[in-house]
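Below is one structure, written out as structure tokens, with a few remarks after it.
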Amino acid sequence: MPTRDSGRTPATNPMISSAFDQVWQWEGSWWRPVYRKGQRCRILVWAPAMNSVLVEFEDGFKVNTSRWAVRPVRQGEVEQSSFF
């Protein structure tokens, strides 16, 4: 099924992956209550026109956020979570 913004199917969209190959890089705050810095996640949906992504974490939690909130996992990187 083609997406409206990219015109590609999710299977051919390079931003969408079934592996948890992204890392949440923002710290939580009173206005951004997602305290998951350093946790692995994956992009489920990417809307390039608004630079938004739907992200799912390994525990199933989902959040809609800016593309800048996640980055690719670096080779050899170990998960470092500041979650509590």
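A few comments on the model shown:
- As a summary of the residue check, G60 satisfies the conditions (1) at pLDDT 90 or above; (2) under 11 Å from the mean Cα position of the chain (by Cα) except for the one numbered (2).
- Close pairs (9 angstrom Cβ cut-off, 6 or more residues apart or separate chains): under 11 Å from R36 (Cα atoms) in segment 50-61, part of a loop (DSSP other than H, G, I, E, B) and of a type in the set (K, R) anywhere: F57/R36; F61/R36
- Residue check, M1 assigned to a loop (DSSP other than H, G, I, E, B) and modelled with pLDDT of 85 or more: no
The values are calculated or read from the model by the stated rules, or taken from the named source; none is laboratory data. Computed from a predicted structure; not experimentally measured. Positions of Cβ are backbone-derived with ideal geometry, glycine not excepted, and every protein chain shown enters the neighbour counts.
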